[in-house]
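Report on the following structure.
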Amino acid sequence: MLFGSNRTYIYLDNAATTPLCDAAAEAMAPYMKAAPDGAFGNANSLHSIGREAFSELEDARVRVARALGAQRPDEIVFTSGATEADNTAIIGMALAERDRRRLRGNAALGRVVMSRIEHHAVLHSAAMLKRLGFEVDFVDNDASGHIGVEALERVMREDTLLVSIMAVNNEVGTVLDTAALAKTAHRNGALFHVDAVQALGKIPFDVGALGVDAASFSSHKVGGPQGVGIMYLKTRTPFVAYMTGGGQERGMRSGTQNIAGILGCAAAVEHAVALQPAFAERATKLRDSLYQELCSLPKVSATVRLESGEFAPHIVNVCVSGMESQTMILQLDLRGFCVSGGSACSSNSLDPSHVLSALGVKRNLAQGSLRISFGEITDEADVASFVEAFREVVS
């Protein structure tokens, strides 16, 4: 139960953002106080207050690297969010790898491959690459969003220099086989980036074990503050920075670091990773129970088939025939429930989700999609109350 606008809500939109966890709030507290008591140093200043901030920053980097499975702390780059991390990794790697190949006598402009169910932060990065002269192609997914090694093999070519495929789809919860897809990309001579925003804290995720070259993460999806992201970039991965300026983050991403946000992010990441097994076990039960309850109602169907492969424990997505997502969201909001129709970044669009279109869901049915997503504080009572409200709305 959360409080907002002078009323209580049951919050079931955790794939969009999560409440700040206690660990993150405590870590940020010293930097959130007003002068003269608050910490405020610029981590790039040489005086003692600056050096103290730098020490905090580097400690956070070490902790995040350990939690994510990175081999070295300097493989962690802090950004303003996962959108920036996606853009920075994809564009920076593609430009650098193209330059590297040209120096070796390969005159091809370069080609990038990704899936059609990516977040817009990835898809729009691809659009930018096209304007920069790259070719962009897409690998096919099945009706539940899974992508097999064979499908990726079919689209790989000698001039493919980068593959970007997400770990967990943010709308329907599909879990992709990141390790196998990364290995396929490498076998064909390409780099591999993964948008891991919905994977962190929900499924086991270790960048080293998975063998990826780069990964993007978001603080506010795991109980950290909004406006902070993480780019993992494996040592010696070709990369050129396009966020230039003062050379912060070892020149990988210029701009004065948000120390308070980074400290909250590090605490939240550690907290989420530590709780992941217990959260997954509890959320999976809630997910399966909610799917069963909702799909027993007339006009309601699951958007994906759980038996078709692996799905994240925290996301439920259904389609309601004859109803529109926005109408249901507003009706549920009036009853004290927060849910969404898909990605929060596209919540104001009347067009069907590009993800559901890629899954082959018909337009009229996709316009009635609803995403319910669980967080650390979601319990059985919340889900039971939601089912009763949902019955009223769709009856």
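The values are calculated or read from the model by the stated rules, or taken from the named source; none is laboratory data. These numbers come from a predicted model, not from an experiment. Cβ atoms come from the backbone with ideal geometry, glycine included; neighbour counts cover every protein chain shown. These area figures cover heavy atoms from the full protein model, side chains too; ligands, DNA and RNA do not enter into them. Shrake-Rupley method; radii C 1.70, N 1.55, O 1.52, S 1.80 Å.
Would you mention how many residues in segment 44-64 are assigned to a helix (DSSP H, G or I), out of contact with any Gly (no Cβ under 6 Å at 6 or more places or on another chain) and surrounded by fewer than 21 Cβ atoms within 10 Å (Cβ to Cβ)?
The initial filter retains those residues of segment 44-64 that are assigned to a helix (DSSP H, G or I), namely 48-64.
Of the ones still in play, those that are also out of contact with any Gly (no Cβ under 6 Å at 6 or more places or on another chain) are 48, 51, 54-64.
After this cut, where a residue has to be surrounded by fewer than 21 Cβ atoms within 10 Å (Cβ to Cβ) as well, the list is 48, 51, 54-55, 58-59, 62-63.
Residues in segment 44-64 being assigned to a helix (DSSP H, G or I), out of contact with any Gly (no Cβ under 6 Å at 6 or more places or on another chain) and surrounded by fewer than 21 Cβ atoms within 10 Å (Cβ to Cβ): 8 in total.
With open to solvent by 10 Å² or more (accessible area, probe 1.4 Å), more than 23 Å from residue 14 (Cα to Cα) and either part of a loop (DSSP other than H, G, I, E, B) or not hydrophobic (A, V, I, L, M, F, W, C) (or both) as the only criterion, which of 141, 170 stands out? Walk me through it before giving the result.
Numbers: 170 fails: more than 23 Å from residue 14 (Cα to Cα).
Only one candidate passes the filter, namely 141.
Can you run down the residue pairs with Cβ atoms below 7 Å, 6 or more apart or on separate chains, where the first is in segment 134-145 and over 11 Å from residue 114 (Cβ atoms) and touching a residue at least 12 places away in the same chain (Cβ under 8 Å) and the partner is of a type in the set (S, T, N, Q) and assigned to a loop (DSSP other than H, G, I, E, B)?
Hits for this filter: 145/169.
In segment 367-394, which residues are touching a Gly at 6+ places or on another chain (Cβ under 9 Å) and either over 14 Å from residue 329 (Cα atoms) or of a type in the set (S, T, N, Q) (or both)?
367, 369, 373, 375, 376, 385
If only one of 346, 369 is under 22 Å from residue 197 (Cα atoms) and modelled with pLDDT of 95 or more, which one is it?
On the way: 346 fails: modelled with pLDDT of 95 or more.
Going through 346, 369 in turn, just one is under 22 Å from residue 197 (Cα atoms) and modelled with pLDDT of 95 or more: 369.
Does residue 113 satisfy being surrounded by fewer than 22 Cβ atoms within 10 Å (Cβ to Cβ), under 21 Å from residue 197 (Cα atoms), in contact with a helix residue (DSSP H, G or I) (Cβ under 7 Å, 6 or more places away or on another chain) and among the hydrophobic types (A, V, I, L, M, F, W, C)?
Working: surrounded by fewer than 22 Cβ atoms within 10 Å (Cβ to Cβ): no; under 21 Å from residue 197 (Cα atoms): yes; in contact with a helix residue (DSSP H, G or I) (Cβ under 7 Å, 6 or more places away or on another chain): yes; among the hydrophobic types (A, V, I, L, M, F, W, C): yes.
Considered against the rule, which asks whether it is surrounded by fewer than 22 Cβ atoms within 10 Å (Cβ to Cβ), under 21 Å from residue 197 (Cα atoms), in contact with a helix residue (DSSP H, G or I) (Cβ under 7 Å, 6 or more places away or on another chain) and among the hydrophobic types (A, V, I, L, M, F, W, C), residue 113 comes out as no.
Report yes if some residue within segment 242-265 is surrounded by 19 or more Cβ atoms within 10 Å (Cβ to Cβ) and touching a Cys at 6+ places or on another chain (Cβ under 8 Å); otherwise report no.
No; the residues of segment 242-265 include none that is surrounded by 19 or more Cβ atoms within 10 Å (Cβ to Cβ) and touching a Cys at 6+ places or on another chain (Cβ under 8 Å).
Quick one: what pairs do we get from segment 202-224, first residue under 21 Å from residue 186 (Cβ atoms), second in a loop (DSSP other than H, G, I, E, B) and charged (D, E, K, R), C-beta under 8 Å, 6+ apart or different chains?
Within 8 Å, the pairs are 207/234; 212/234; 213/234; 214/234.
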